[in-house]
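What follows is a set of notes on a single structure, which appears directly below.
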């Protein structure tokens, strides 16, 4: 008796053996992943519709109300980065304020900021709302 040769075996030269590539997931697992992905997409589309996506009611950054921060700075204690945050004052002018304060002493009132080169009446008026009130010179110790 001769051994039987299967039609798709490598021993049969008429039909070459075909081996399917092995996949990472079984077909049942692939189906589960597909269902979960489809469910997530449907949920995302539902959220988009519920939040006004079809009517164009989604928030635009340009339409959000602008927030402003209120802060006060002591001109005799602030370093240049804090002074540079004032309106009309950049890094150069802030460094100049600190240098004048270091060389000529602390400012007695806000008007003395005019002794800093580059600070005029307009710049001083823009800065005033952000400056802490100055203590009276007579009430300061050592004066």
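Derivation of every value follows stated rules applied to the coordinates shown; laboratory data play no part. Remember, it's a predicted structure, so these values are computed and weren't measured experimentally. Methodologically, a virtual Cβ is constructed for each residue, glycine included, from the backbone with ideal geometry; neighbour enumeration extends over all protein chains shown.
Some values worked out for this structure:
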read-out	value
Computed E for residue 79/residue 57 - FRET, C-beta separation, R0 41 angstrom, nearest 0.05	0.35
Surface/4 of the Cα convex hull for segment 39-138, nm²	10.6 nm²
Extension gain (nm, one decimal) between residue 135 and residue 37, 0.36 nm per residue minus Cα-Cα	28.6 nm
Cβ-Cβ FRET estimate between residue 109 and residue 67, R0 fixed at 25 Å, reported to 0.05	0.20
Segment residue 30-residue 122, length gained on full extension (0.36 nm per residue, minus Cα span)	26.1 nm
